C-alpha cells in the first residue's frame, strides 16, 4: 500500500518502558536538530570538541533508531507467525516459536542497553495509533488472540510503514555521521600528517 510522506509529529523525552510509543509533545526532537542542514553547515569552522559532540549526538540518535527498528522487525515476525499459525501453515505454538522470534531481535519487558529512547520517529498520520499502541505494548503476547485476521494484516502494514520511515531517517543519519567523521579526520591530518584521530 503506497503511503505519502506525512508531516513530522514532535515527541518529547520518553520515560516509559521499552517498546511503548512516547506521548506527543511540542518539544523539539533531537533527530530534527541532527538532520537539519544547519547541523553540518559550519563544521569547517567548528573546533574538534564541538565536532565530536555533534558526532556523538548523531551516533546516539542512530543507535536509538536502530534499536527501535529491531523492535519493529520483531513485532512483524510475531504477527506474521500468528497469521501463519491461524491459517495452518505453522504447526508450532507461539510459545514453541518464541525463542526463534526472540532471537530475531524482539524484546519484552526489560529496557535495552541504551539510553532512554527519546527520539522516536514520527508515526504517519494514516497509522491507526491505537492498533500500533497495542502491537508495541509489552503485553502483546496476551493480546494476540483478541486481534482479528484483518487487524493483524493491518498492523503489519502499519508497522512496516513506520519501519520504512525509520530506515530513511537512519540513512540520513549515516550521512551526517560520515560527514562529521570525515571532517575530524581531515582536521587531524592537517595538524598531524597522516595520524588518525583516537576517537
Those residues of region 54-91 that are closer than 30 Å to residue 31 by Cβ and touching a residue at least 40 places away in the same chain (Cβ under 8 Å) come to a total of 22
Six or more apart or on different chains, Cβ under 6 Å: which pairs go from a residue in region 92-114 that's on the phi < 0 side of the Ramachandran plot and outside any loop (DSSP other than H, G, I, E, B) to one that's modelled with pLDDT of 75 or more and surrounded by 15 or more Cβ atoms within 10 Å (Cβ to Cβ)? Could you list them? 97/81; 101/77; 101/78
Answer with yes or no whether residue 69 is in a helix (DSSP H, G or I) and either out of contact with any helix residue (DSSP H, G or I) (no Cβ under 7 Å at 6 or more places or on another chain) or over 21 Å from residue 171 (Cα atoms) (or both). no
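The values are calculated or read from the model by the stated rules, or taken from the named source; none is laboratory data. Keep in mind that this is a model prediction, so the values were computed, not measured. When we count neighbours, we look across all protein chains shown, and the Cβ atoms used for this are built from the backbone with ideal geometry, even at glycine.
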